[in-house]
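Colleague: Shown below is the structure under consideration.
The values are calculated or read from the model by the stated rules, or taken from the named source; none is laboratory data. Keep in mind that this is a model prediction, so the values were computed, not measured. Methodologically, a virtual Cβ is constructed for each residue, glycine included, from the backbone with ideal geometry; neighbour enumeration extends over all protein chains shown. For accessibility, only protein heavy atoms count, side chains too; no ligands or nucleic acids. Shrake-Rupley method; radii C 1.70, N 1.55, O 1.52, S 1.80 Å.
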Amino acid sequence: MDKASAILSLPSEPREFGFFLDGKWVEAGDRDVFERASPGHGVAVTRIPRCTTDDLDAAVASARAAFNDRRWCGLSGADRAAVLLKTAELIRARTDEIAYWETLENGKPIAQARGEVGGCVGMFEFAAGLARSLHGDSYNNSGDGAFGVVTREPVGVVGLITPWNFPFLILCERVPYILASGCSLVAKPSEVTSATTLLLAEIMSEAGLPDGVFNVVTGSGSSIGQKMAEHMDVDMLSFTGSTNVGRAVVEATGKSNFKKLGLELGGKNPQIVFADADLEDAADGVAFGIAFNTGQCCVSGSRLLVERSVADKFADMVVEKLRKVRVGDPLDETTQAGAITTDAQNRTILSYIAKGQEEGATLVTGGGVLDIAGGQYIEPTVFTNVTNDMAVAREEIFGPVIVVIPFDTLDEAIEIANDTEYGLAASVWSKNLDTALTVSRRVQAGRFWVNTTLAGGPELPIGGFKASGWGREAGMQGVEEYTQVKSIHIEIGKRAHWVE
Ligand code: NDP
């Protein structure tokens with residue numbers, strides 16, 4: 001088939017899923033079932049059980065039993081690595097299937113979904129190396145009578161709550177690292193995008209992961225997610241989603257067992273463009289940074305700070321690029337930007353577009369909905385005449401909407417960039433090394449890009465400063481995050497007695 005013109009077909013009926021407990025599928029039975037409609041087409045594509053609190057308890061108990069009897073954490077790093085590498089191989093072999101269900105539930109373009117699955121293969125391969133190289137430290141400098149050893153131990157049972165914008169990618173930025181550390185886990189995907197998390201559990205079981213090490217419960221965040229945050233037998237929770245729910249999760253953990261927390265939350269990420277940048281590259285990068293995944297990325301570059309001398313010209317260049325972005329049916333191989341994933345998100349984005357106009361910003365392109373394939377689509381949108389105190393400049397819109405704010409000096413650019421509650425990501429565009437390095441040092445963000453954006457890989461940790469979160473996922477730090485440190489003091493020789 002000619003890939004450039006191919007459009008995959010929708011499933012003839014929604015696929016039925018169970019949830020994944022103790023290495024086996026459990027059918028929905030008499031539980032409620034959530035039917036997910038493809039946001040790109042408005043057609044039912046999956047049916048997912050709504051797990052009960054008893055199901056969650058059973059999943060946590062399964063992960064606890066697997067941890068306590070050491071069937072996974074007791075293996076050598078080499079044995080754990082073998083399972084992670086086998087998983088990488090199986091994911092690669094099932095790329096098309098995973099990408100298809102990801103696209104149906106999420107609305108992202110099929111070609112992009114395939115690319116993301118490829119990235120996930122790399123996460124498993126890299127984490128396999130970490131399973132083998134994870135180590136502690138030793139202190140051989142305490143004199144002849146003592147020896148100090150610092151070890152890293154897996155935290156235990158991890159609860160993993162993931163969002164709907166990158167259901168498989170965000171999952172795979174965490175699961176292989178959690179497992180490399182020796183932890184066992186219970187995942188709770190967003191209810192609207194559960195399919196690929198369930199597929200991963202099945203794949204890992206086939207790859208040889210012992211039963212109970214990776215369980216998946218499905219259902220809504222306000223029920224199952226909240227209960228997971230409150231659960232007394234979950235040792236650590238990794239949460240990715242909105243800052244508001246992040247706050248609720250912090251509260252819930254404080255009221256329960258003080259479980260360790262990893263949080264990746266919202267962002268209002270600056271793209272800082274200086275007059276000496278390659279403006280053509282920068283315009284392309286800025287357009288990509290806001291239209292990729294329809295701007296539904298926590299790291300989308302949603303504030304364009306541009307040096308005043310080139311601000312008008314550069315805004316025109318970005319507008320021209322965004323008008324050419326192919327927004328379309330996610331199942332069409334040529335589509336670059338697909339549907340808005342949830343009805344609520346669609347309403348949120350449209351309300352911010354209206355708010356920007358009420359606040360006095362100028363809508364220079366986009367702002368409208370597109371009638372495509374029966375789904376929900378919004379045009380890439382640019383606002384100029386924006387000041388950093390407007391809601392469209394301060395609040396996370398999580399859609400294809402960018403605001404343009406001019407600046408006069410490097411110091412002013414840094415001040416505006418940091419004038420936000422968030423600190424997730426930022427980009428600088430400049431051919432001047434001093435400028436690029438100074439900005440990269442002074443902007444408060446957990447991820448920083450120079451003359452590029454939305455780039456990365458399994459080696460580079462992700463996470464935020466300020467209200468964008470706690471801790472890091474991926475990279476060496478990503479596996480260490482799921483460990484706790486133990487200091488072991490060893491006495492050598494005869495003890496000097498305290499009581500004579
Ligand atoms: P949420 O923060 O509500 O959802 C993220 C995850 O948390 C989902 O799995 C959700 O489950 C779950 N969840 C929801 N409520 C609770 C709770 N009380 N306790 C535990 N888990 C919970 O994000 P939304 O889907 O509502 O999106 C709202 C906004 O959040 C977006 O507009 C965007 O600004 C931001 N966001 C940021 C993301 C990021 O990557 N940083 C990702 C997604 C959203 P379920 O979906 O099943 O309810």
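Colleague: Applying the selection to the stretch 261-300, what residues are more than 16 Å from the ligand (Cβ to nearest atom) and among the charged types (D, E, K, R)?
Modeller: 276, 278, 280, 281, 284
Colleague: Pairs, please: C-beta under 8 Å, at least 6 apart or cross-chain, first residue free of Cβ contacts under 8 Å to residues at least 60 places away in the same chain and in the stretch 162-180, second in a loop (DSSP other than H, G, I, E, B) and within 15 Å of the ligand (Cβ to nearest atom)?
Modeller: Pairs that qualify, where the first residue is free of Cβ contacts under 8 Å to residues at least 60 places away in the same chain and the partner is in a loop (DSSP other than H, G, I, E, B) and within 15 Å of the ligand (Cβ to nearest atom), are 171/162; 171/189.
Colleague: Let me ask something additional. Going by the conditions given, is residue 462 of a type outside the set (Phe, Trp, Tyr), buried (at least 21 other Cβ atoms within 10 Å of the Cβ) and either more than 26 Å from residue 149 (Cα to Cα) or in contact with a Ser or Thr (Cβ under 8 Å, 6 or more places away or on another chain) (or both)?
Modeller: yes
Colleague: For the stretch 1-104, list the strands (runs of 3 or more DSSP E) that sit wholly inside it and hold at least 1 residues that are more than 19 Å from residue 221 (Cα to Cα), touching an Asp or Glu at 6+ places or on another chain (Cβ under 7 Å) and in contact (Cβ under 8 Å) with a residue 12 or more places away in the chain; which are they?
Modeller: Fully inside the stretch 1-104 and qualifying: 44-49.
Colleague: I want to confirm something. Restricting to the stretch 139-173 and keeping residues that are more than 16 Å from the ligand (Cβ to nearest atom) and outside any strand (DSSP E or B), which single residue is surrounded by the most Cβ atoms within 10 Å (Cβ to Cβ)?
Modeller: Restricting to residues being more than 16 Å from the ligand (Cβ to nearest atom) and outside any strand (DSSP E or B), the top hit is 156.
Colleague: Any residue in the stretch 251-258 that is free of Cβ contacts under 8 Å to residues at least 24 places away in the same chain, outside any helix (DSSP H, G or I) and out of contact with any Asp or Glu (no Cβ under 8 Å at 6 or more places or on another chain)?
Modeller: Yes.
Colleague: Follow-up. Which one of the conditions (1) open to solvent by less than 30 Å² (accessible area, probe 1.4 Å); (2) part of a helix (DSSP H, G or I); (3) of a type in the set (Lys, Arg) does residue 108 fail to meet, given that it meets all the rest?
Modeller: Exception for residue 108: condition (2).
Colleague: Kindly indicate whether residue 192 is among the β-branched types (Val, Ile, Thr), more than 18 Å from residue 106 (Cβ to Cβ) and open to solvent by 10 Å² or more (accessible area, probe 1.4 Å).
Modeller: No: the conditions fail for residue 192.
Colleague: Sort out which residues of the stretch 326-344 are open to solvent by 80 Å² or more (accessible area, probe 1.4 Å) and assigned to a helix (DSSP H, G or I), and write them in order of number.
Modeller: 343
Colleague: Still on this structure, I have one more. With the structure loaded, tell me whether residue 366 is at positive phi and over 25 Å from the mean Cα position of the chain (by Cα) or whether it fails that test.
Modeller: Judged against the criteria, residue 366 is a match.
Colleague: Hey, residue 402 hits all of (1) assigned to a loop (DSSP other than H, G, I, E, B); (2) of a type in the set (A, V, I, L, M); (3) within 22 Å of the chain's Cα centre (by Cα) but one; which does it fall short on?
Modeller: If we test residue 402 against (1) assigned to a loop (DSSP other than H, G, I, E, B); (2) of a type in the set (A, V, I, L, M); (3) within 22 Å of the chain's Cα centre (by Cα), just (1) comes out false.
Colleague: From the list 347, 303, 323, which one is surrounded by fewer than 19 Cβ atoms within 10 Å (Cβ to Cβ) and closer than 30 Å to residue 436 by Cα?
Modeller: Of 347, 303, 323, the one residue that is surrounded by fewer than 19 Cβ atoms within 10 Å (Cβ to Cβ) and closer than 30 Å to residue 436 by Cα is 323.
Colleague: I would also like to ask the following. If a residue must be open to solvent by 10 Å² or more (accessible area, probe 1.4 Å) and within 13 Å of the ligand (Cβ to nearest atom), how many such residues does the stretch 209-239 contain?
Modeller: Counting residues in the stretch 209-239 that are open to solvent by 10 Å² or more (accessible area, probe 1.4 Å) and within 13 Å of the ligand (Cβ to nearest atom) gives 9.
Colleague: For the stretch 370-423, which positions are within 27 Å of residue 105 (Cα to Cα), among the aromatic types (Phe, Trp, Tyr) and open to solvent by less than 20 Å² (accessible area, probe 1.4 Å)?
Modeller: 377
Colleague: Looking at the stretch 345-377 only, could you name the residues that are in a loop (DSSP other than H, G, I, E, B), within 16 Å of the ligand (Cβ to nearest atom) and within 25 Å of residue 314 (Cα to Cα)?
Modeller: none
Colleague: Related question: Within the stretch 302-325, can one find any residue that is aliphatic (A, V, I, L, M) and within 15 Å of the ligand (Cβ to nearest atom)?
Modeller: no
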